[in-house]
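Colleague: Please find one structure pasted underneath; my questions will follow.
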Amino acid sequence: MSNSVNQSAVRPNLKNPIHLLAFGLGSGLAPKAPGTFGTLAALPVWFFLLQGMPTLPYLSILVAGFALGVVLCEITSRDLGVHDHGGIVWDEWIGVWITLLWLPHSGDVLTDMGWLLYGFVLFRFFDILKPWPIKWLDAKVHGGFGIMIDDVLAGVFALLVLQGTVLALG
């Protein structure tokens with residue numbers, strides 16, 4: 001199969017834990033905008049497990065999540081016969097977690113939700129628009145690493161803009 005295959009007709013086996021994780025616990029099965037739904041599904045995990053975590057353990061989880069994602073995405077895309085199936089959203093999970101690494105926390109719920117929304121929008125913006133070199137990586141680097149790396153870079157771009165905004169408003 002190639003990328004010209006109707007991806008909506010290619011379904012993962014969600015009883016397979018590798019497919020389940022690659023498809024963001026099923027969030028990547030959304031019929032429209034699976035990347036956005038996958039990113040949304042990553043937020044509660046971030047909120048309960050990563051929010052407020054010290055930098056070094058957080059970075060360790062990101063590195064481990066990236067390495068795991070390379071394997072998950074490689075196996076799932078191979079099993080489905082489609083490179084970077086739109087429903088594979090583990091890469092979005094890691095990308096948005098990168099964006100939220102040092103998310104400001106004021107204690108005011110509305111302010112904190114605003115920063116979270118801003119981070120979400122920034123990540124989706126860079127993930128969808130794919131400015132250089134993200135678009136180049138997306139086109140040229142294949143396999144599980146290729147699936148992961150463009151979202152990692154989108155997350156880094158979004159993190160830089162978010163932190164730049166924090167500094168500018170500082």
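What follows draws every value from the coordinates through simple rules; no lab data is involved. This is a predicted model, so every value here is computed, not measured. All Cβ positions, glycine included, derive from the backbone under ideal geometry; neighbour counts span all protein chains shown.
Colleague: What distance in nm separates the simple spin-label points at Ser60 and Trp136, each placed 7 Å from Cα in the Cβ direction?
Modeller: My value for the distance between the label points is 3.5 nm.
Colleague: A further question on this structure: So how strong a dipole does segment 54-149 carry about its Cα centre when Lys and Arg Cβ are +1 and Asp and Glu Cβ are -1, to the nearest 20 debye?
Modeller: 260
Colleague: Hey, how many Å between the Cα centroid of segment 67-82 and the Cα centroid of segment 126-155?
Modeller: 15
Colleague: What angle do you read, to the nearest 10 degrees and between 0 and 90, between the alpha-carbon axis of helix 90-99 and the longest principal axis of the chain?
Modeller: The answer is roughly 20 degrees.
Colleague: The list [x] 9.2; [y] 9.8; [z] 11.1 gives values of mean projected area of the Cα convex hull in nm², and only one came from this structure; which label was calculated from it?
Modeller: [y]
Colleague: Would you list which aspartates and glutamates come within 12 Å of Lys130, measuring only between C-alpha atoms, while excluding same-chain residues fewer than 8 positions from it?
Modeller: Those aspartates and glutamates meeting the cut-off are Asp138, Asp150, Asp151.
Colleague: Could I ask something else about it? State to the nearest 20 debye the size of the charge dipole of the chain about its Cα centre, where the only charges are +1 on K and R beta carbons and -1 on D and E beta carbons.
Modeller: So the dipole magnitude of the chain works out to roughly 280 debye.
Colleague: Right, another one. What FRET efficiency comes out for the pair Asn13/Ile128, r = Cβ-Cβ distance, R0 = 30 Å, nearest 0.05?
Modeller: Calculated value: 0.60.
Colleague: Go through Phe126, Leu116, Asn13 and say which Cα lies farthest out towards the positive end of the charge dipole of the chain; charges sit on Cβ, +1 for Lys and Arg, -1 for Asp and Glu.
Modeller: Final value for the positive-end residue is Asn13.
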